[in-house]
Every structure is written in structure tokens, then in C-alpha cells.
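Down below is the structure, laid out as C-alpha cells.
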Amino acid sequence: MRATIPPTSPLDRLGETASLPVGTAGHWHAYRPFPNLPGRNDRQGTLEVPLLVRALGLPRGGRILELGCGRGIALPVLHRLLHPTRLVGIDMDVRALTEARERASAAATPVELLHGDARCMPLADRSFDLVLDFGTCYHISYPELALREVARVLAPGGILVEETRISQLLSHPLRSFGRRIPWRRVSGLRRARWRVLWSAYVTTAELAFG
Ligand SMILES: C[S@@+](CC[C@H](N)C(=O)[O-])C[C@H]1O[C@@H](n2cnc3c(N)ncnc32)[C@H](O)[C@@H]1O
């Protein structure tokens, strides 16, 4: 048996007709949260984000969006290192967003925190220069929808940074096993840099990296 997606689903918004395997409405949002590990959070803030900014040579300034920003560990670090003109984090978890708000406030980081689905974002076309995803697309259903949304909200020459499959397997071996991003089903993004743990994709309209 298959269930039809309700009219308000992101698939409809993206102009697709499709049906989902039965699993009910809850299936659409199925997502198993990760535990809150302070050691892992510290490592992300002090080590991983600074290293990826350097390894990929990310540009300063510009409008930055983090998909699945969760508790907002990366946001103050991105603000400090990249001096964005606009910084936005989106997540489906209200409690995580509350924590992110407190963390941003403690660090005096100006950020817009949105409660929403990465697969159907309340954000204008071509409104960001850099989108970062620290693994969210690996762990949600229909990740191609989130990536199409990323391609939509990125300005020409915009960059998507994602953690690679290697990174996912190292951090969450059991949970990531067999999971892949269906890049072939996503148009508008092309891989431009690969640095083992992180990759940068650019919008195909205009390459940001030489
Ligand atoms: C792998 S965690 C990453 C959290 C944080 N960015 C970090 O690096 O610690 C994935 C995050 O994505 C959020 N999430 C799951 N499904 C989502 C969706 N469809 N749209 C937006 N956020 C989602 C979860 O609530 C969680 O905070």
C-alpha cells in the first residue's frame, strides 16, 4: 500500500507528483535525534568548524545558512570566523532551537533561528551565498528535497558545504552505514572541492572556485 503525500507537503511545493510508501504522515518527518554529547559539541566548535573553514577556503562575508543547526554549536564560530552579513539557522527541533538561541545570545552572535523543514524552507530564492550542512541530509528522509531547496536558495556562485560520507561513517558508523546522498537526483549543484571530511558544492550557474 502506498500513501499519497498531503497537499501541504514539500513535494507538492516543489511541483512533483509522487506517493510515499506507507508509513503515515509521521513517516515524512521520521528522524531519530542524536544524543547531546558535550565532548562532541566542544570538538565541533573548537576543532571541526575552524578546520573546515580553512580546508575549504570559505569566503568571508556574505549570507550564511546552516541546515539543521540543532543546538547552534557552529553558529557563533561561523560568525567569528566568517563575519557574515546575515546568519540563519533552520531546524525542526524547537527545544534545540531554544538552546541555540541561548548559546547565540551568550556569545553575542546575531542570528536568525527558524523553526522549519530543510525540505521546504521559508526562504527566498537566491538569498544565500553559503549553506552548511553538518550531516542533516544524511539522516533525513528524502534528502534530495533538501538539496533542491539548497540549490534554490543559493545565489549564483553560492557554495554548499557538507560533511562527506567518510565523515559520517567515522562519527556515526552504525547509523550512517548504507546511507548515501542521492546527488544524481539533484541538479544545480556540482562538487568543486573535496577535503576528505568535507566537500564544497557550487551552484552550476557560476563556479565560485577557480
Ligand atoms: C546531524 S544533527 C546536526 C546538528 C548540528 N548541526 C550539529 O552539527 O551538531 C541534524 C539536525 O537536523 C535537524 N533536522 C532533522 N530533520 C530536519 C529537517 N527535515 N529539517 C530541518 N532540520 C532537521 C535535527 O533536529 C538536528 O538538529
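Suppose the filter is within 11 Å of the chain's Cα centre (by Cα), within 21 Å of LEU47 (Cβ to Cβ) and not hydroxyl-bearing (Ser, Thr, Tyr); does ASP91 pass it? No, not satisfied.
Within segment 30-65, the set of residues being among the β-branched types (Val, Ile, Thr) and more than 11 Å from the ligand (Cβ to nearest atom) comprises THR46, VAL53, ILE64. Just one of the listed residues (ILE181, ILE159) is in contact with a Cys (Cβ under 6 Å, 6 or more places away or on another chain), under 24 Å from ALA55 (Cβ atoms), in contact (Cβ under 8 Å) with a residue 12 or more places away in the chain and surrounded by 15 or more Cβ atoms within 10 Å (Cβ to Cβ), and it is ILE181. Return a yes/no flag: does segment 66-80 have any residue that is crowded, with 19+ Cβ neighbours inside 10 Å, of a type outside the set (Phe, Trp, Tyr), assigned by TED's automatic domain parsing to the domain that holds LEU160 and away from the ligand (no atom under 14 Å from the Cβ). For segment 66-80, residues crowded, with 19+ Cβ neighbours inside 10 Å, of a type outside the set (Phe, Trp, Tyr), assigned by TED's automatic domain parsing to the domain that holds LEU160 and away from the ligand (no atom under 14 Å from the Cβ): absent.
Can you work out which of the residues in segment 112-140 that are near the ligand (Cβ under 8 Å from one of its atoms) and assigned to a loop (DSSP other than H, G, I, E, B) is nearest to VAL49 (Cα to Cα)? Within segment 112-140, the match that is nearest to VAL49 (Cα to Cα) is PHE134.
Within segment 82-91, the set of residues being crowded, with 16+ Cβ neighbours inside 10 Å and away from the ligand (no atom under 13 Å from the Cβ) comprises LEU82, PRO84, LEU87.
Within segment 143-151, is there a residue that is surrounded by fewer than 22 Cβ atoms within 10 Å (Cβ to Cβ), more than 12 Å from the ligand (Cβ to nearest atom) and in a strand (DSSP E or B)?
We begin by selecting, within segment 143-151, every residue surrounded by fewer than 22 Cβ atoms within 10 Å (Cβ to Cβ); these are 144, 148, 151.
Going one step further and asking which of them are more than 12 Å from the ligand (Cβ to nearest atom), we end up with 144, 148, 151.
With in a strand (DSSP E or B) added as a condition, the list becomes none.
For segment 143-151, residues surrounded by fewer than 22 Cβ atoms within 10 Å (Cβ to Cβ), more than 12 Å from the ligand (Cβ to nearest atom) and in a strand (DSSP E or B): absent.
The condition of being in a helix (DSSP H, G or I) and either at pLDDT 50 or above or touching a Lys or Arg at 6+ places or on another chain (Cβ under 9 Å) (or both) does not hold for VAL88. Among the residues of segment 92-111, those that are more than 8 Å from the ligand (Cβ to nearest atom) and small (Gly, Ala, Ser) comprise ALA100, ALA104, SER105, ALA106, ALA107, ALA108.
The values are calculated or read from the model by the stated rules, or taken from the named source; none is laboratory data. Bear in mind that the values here come from a model prediction, so they are computed numbers and not experimental data. Cβ atoms come from the backbone with ideal geometry, glycine included; neighbour counts cover every protein chain shown.
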